[in-house]
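Undergrad: Have a look at the structure that comes next, please.
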Amino acid sequence: MSNIRQSWYEAGARERIAALVDPRSFAEFVGPECRETSPHLGIFNLPAQFDDGIVVGSGSINGTPVLVAAQEGRFMGGAFGEVHGAKLTGLLRAAKALGRDVVIAFDTGGVRLQEANAGEIAIAEIMRAIVEARLDGVRVVGLIGGRAGCYGGGGLIAGCCSTLIVSEQGRISVTGPEVIETNKGVEEFDSRDRALVWRTMGGKHRTLIGGADVFVDDDAAAFRAAATAALARPAKFDAATLAAEQARLERRIARFGDMSDATDIWHALGINDPKAIPDMPADAFATLAAQYRESADDAR
Amino acid sequence: MTPAEILDSLFPAGHDVTTDGDLLFGRARFGDGIVHVVGATGRAPIGIDQAIRLSAAVLQIASSDDAAPILFLVDSASQRMSRRDELLGLSEYLAHLAKSLLLAEARGHRTIGLLYGGSAAGAFIATALACGTLVALPGAHPEVMDLASMARVTKLPIDVLEAKAKTTPVFAPGLDNLVSVGGIATVWDAGTSLADQLQTVLATPRAGDDRATLGAERGGRPAAARIAGAVATAAQG
């Protein structure tokens, strides 16, 4: 490993896995040599990719064996198609069978529209596989800080993870800015207002309201360190967990439900100068967030 | 069929299901026991305010020891598309609803989704597709995205998309297509007793998530079951 800082945002799926796991520990499952490409993209005269935009395999992080998946946001926006989704489903079923923790590096716009029905069902299968693994004591740690963010069904999958680690670039949302604008008008959401996008969906806001657990700098080593810590946390998922999440999400609506902008919410959290948040460096923000944020406290 | 007609056909012994806006909550007598009923109706979008009430009801059922099934009636739009819902973290609310259904199932409550109208995108995933068994009535019209929006995103003319939709079930909206990819187990017959058809579902034990296998058998999703199996085998090798 070098001492040169590596941007998580700029890295591809294979670079992220290399930065995450111990050197020479990674073994890929159904890799590009298997040439398992999408059976459907050809209908649209679109090029296929030999890994269908996701890399899955096993490795270790600081000596702890894990299963790992990374989406490639540069292929079809990291979207879930039939093969892409099935690779993650298979990995999660193995996690349950082996009792082994999983780390998922999300980078996705959601369902791949050219195979929308297959992608939609794949997301439902993945969410079920995560919950069934977690009920057996498996940790599923999500990392979000890529170019495509974590949108659509990807946001729902992230919401099933035991711990979410985000950078400022890690946008989490169901409906993307362009789709809200297309359907509801520019008055509802101006997708060209990038500052609005970041403060409504970005990693800092998600951290402050308890939508993500750990905030890190856009640095692969920081993601690795946070994943290591998350894998050492207690693995708990039962009725009490969801009762606590129900209370946490009800409280969020009661507390912030009438507010129209993220800065109003940040102010209500007790932050004196909410307008300073977007430009704040990661370290300073993390310190501030630790003091004022709504914590998920494992209610996830 | 309307929700009232559906409930009458399902539960001739009576029920106390009441509406709360576009949501349904209640219980019905069924055979020697009861069935819990929740519903998202009226072709309405599901936002944080709807999802949190549905999950509250499902978690309350999950914490009871009656092991009675949950029937989830679905006729919704997509997730609510708004700045407020996303600001407050809609992804968490929808995921929480899905997790609540999956927890209830793990605690012994069969979860049966009954899609009798529309549903789309994130709302479909968090409700009908989070149930252990999903059945539909003829005329149901699930979709991920309508063809007009899809045309905008894929930059293909809508007549080209319509032509392609005739040759593959993998992307176009509609009940037949969702059946073909294995997302819907069975389409019920609206002309015969729904109670009998529910009884048939409840009498058939559920053996894991079989949607990819169904999709392969029906030809709509040829690769998913094989690929998931290959990855799981490699991981355990």
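The values are calculated or read from the model by the stated rules, or taken from the named source; none is laboratory data. These figures come from a predicted structure and were not determined experimentally. Note that each Cβ is placed from the backbone with ideal geometry, even for glycine, and that neighbours are counted across all protein chains shown. Ligands, DNA and RNA are stripped out before the accessible areas are found, and what is left, the full protein with its side chains, is counted by its heavy atoms. Shrake-Rupley method; radii C 1.70, N 1.55, O 1.52, S 1.80 Å.
Undergrad: Shielding of B:61-67 by partners, i.e. mean partner chain Cβ atoms within 10 Å per residue?
TA: For this peptide, the per-residue mean of nearby foreign Cβ atoms is 1.
Undergrad: Enter the accessible area per residue of the protein assembly as shown (Å², integer; probe 1.4 Å; all protein chains in place).
TA: 36
Undergrad: State to the nearest 20 debye the size of the charge dipole of chain A about its Cα centre, where the only charges are +1 on K and R beta carbons and -1 on D and E beta carbons.
TA: Magnitude of the dipole: close to 580 debye.
Undergrad: A follow-up question, please. Identify, among A:N183, A:V21, A:Q49, the residue whose Cα sits farthest towards the positive end of the charge dipole of chain A, taking +1 on the Cβ of Lys and Arg and -1 on the Cβ of Asp and Glu, with the dipole about the Cα centre.
TA: In chain A, that residue is A:V21.
Undergrad: Evaluated at 20 °C with a viscosity of 1.002 mPa s, what Stokes-Einstein diffusion coefficient in µm²/s does chain A have when Rh comes from the Kirkwood expression over alpha-carbon pairs?
TA: Translational D for this selection: 110 µm²/s.
Undergrad: Compute accessible area for the stretch A:33-55 by itself and then with all protein chains, 1.4 Å probe, and report residues whose area falls by 30 Å² or more.
TA: Relative to the lone chain, where solvent access is computed with a 1.4 Å probe, the stretch A:33-55 loses at least 30 Å² at A:E36, A:H40, A:I43, A:F44.
Undergrad: Percent of accessible area on the stretch B:110-237 owned by carbon and sulfur, 1.4 Å probe?
TA: 57
Undergrad: Nearest 20 debye, what's the magnitude of the dipole of the protein assembly as shown about its Cα centre given +1 on Lys and Arg Cβ and -1 on Asp and Glu Cβ?
TA: Around 860 debye, computed over the protein assembly as shown.
Undergrad: Sorting B:T200, A:T241 by accessible area (1.4 Å probe), largest first, what list results?
TA: B:T200, A:T241
Undergrad: Please list the equivalent ellipsoid semi-axes of the stretch B:80-142, computed as the square roots of five times the alpha-carbon gyration tensor eigenvalues, in descending order and whole angstrom.
TA: So the three semi-axes of the stretch B:80-142 are 22, 18, 5 Å.
Undergrad: In vacuo Debye scattering of the protein assembly as shown, one point per C-alpha: log10 I(q)/I(0) at q = 0.06, 0.07, 0.11 Å⁻¹?
TA: Log10 of I(q)/I(0), two decimals: -0.26, -0.35, -0.91.
Undergrad: For the pairing of chain A with chain B, what total accessible surface becomes buried, with a 1.4 angstrom probe, in square angstrom to the nearest 100?
TA: The contact between B and A buries close to 6400 Å².
Undergrad: Please report, in debye to the nearest 20, how large the charge dipole of the stretch A:119-251 is about its Cα centre when each Lys and Arg carries +1 at its beta carbon and each Asp and Glu carries -1 there.
TA: 360
Undergrad: Along the charge dipole of the stretch A:199-280, pointing to its positive end and built from +1/-1 on Cβ of Lys, Arg, Asp and Glu, which listed residue (A:L269, A:P234, A:G202) has its Cα farthest out?
TA: Of the candidates, A:P234 comes out farthest on the positive side.
Undergrad: What do you get for Rg/Rh of the stretch A:129-221 when both radii come from the Cα atoms and Rh is the Kirkwood radius?
TA: When Rh is taken as the Kirkwood radius, the ratio is 1.02.
Undergrad: Consider just the alpha-carbon atoms of the stretch A:192-249 and return their Rg together with their Dmax, both in angstrom.
TA: 14.6, 42
Undergrad: On alpha-carbon atoms, Rg over Rh for the stretch A:204-300 using Kirkwood Rh?
TA: A ratio of 0.99.
Undergrad: Let me ask something additional. Taking every alpha carbon pair in chain B, what does the distance histogram look like in 5 angstrom bins from 0, in percent?
TA: Spelled out bin by bin, chain B gives 1, 6, 13, 17, 19, 17, 12, 8, 4, 1, 0, 0 percent.
Undergrad: Rounded, prolate or oblate: which fits the stretch B:26-78 when a ≥ b ≥ c are the square roots of the eigenvalues of the alpha-carbon gyration tensor, with rounded for a/c under 1.5 and prolate only if a/b beats b/c?
TA: It is oblate, given that a/c is not under 1.5 and a/b is not larger than b/c.
Undergrad: Dividing the Cα radius of gyration by the Kirkwood radius, what Rg/Rh value follows for the stretch A:71-121?
TA: Result for the stretch A:71-121 is an Rg/Rh of 1.02.
Undergrad: Work from the charge dipole of the stretch B:1-92 (Cβ charges, +1 for Lys and Arg, -1 for Asp and Glu, about the Cα centre) and give the residue of B:L23, B:A67, B:A4 farthest towards its positive end.
TA: The Cα lying farthest towards the positive end belongs to B:L23.
Undergrad: Run lengths n ≥ 4 of DSSP H only: what is the helix-derived mean residue ellipticity at 222 nm for the protein assembly as shown, with -39500 (n - 2.57) per run over all residues, to the nearest 500?
TA: Value at 222 nm, helices only: -12500 deg cm²/dmol.
Undergrad: Now for a different question. Per the Kirkwood formula on distinct C-alpha pairs, the Rh of the stretch A:1-157 is how many angstrom?
TA: Averaging 1/r across every pair of different Cα atoms and inverting gives 15.5 Å.
Undergrad: Counting only other residues whose beta carbon sits under 13 Å from that of A:F44, what net charge do I get with K and R as +1, D and E as -1?
TA: Net charge in that neighbourhood comes out at +2.
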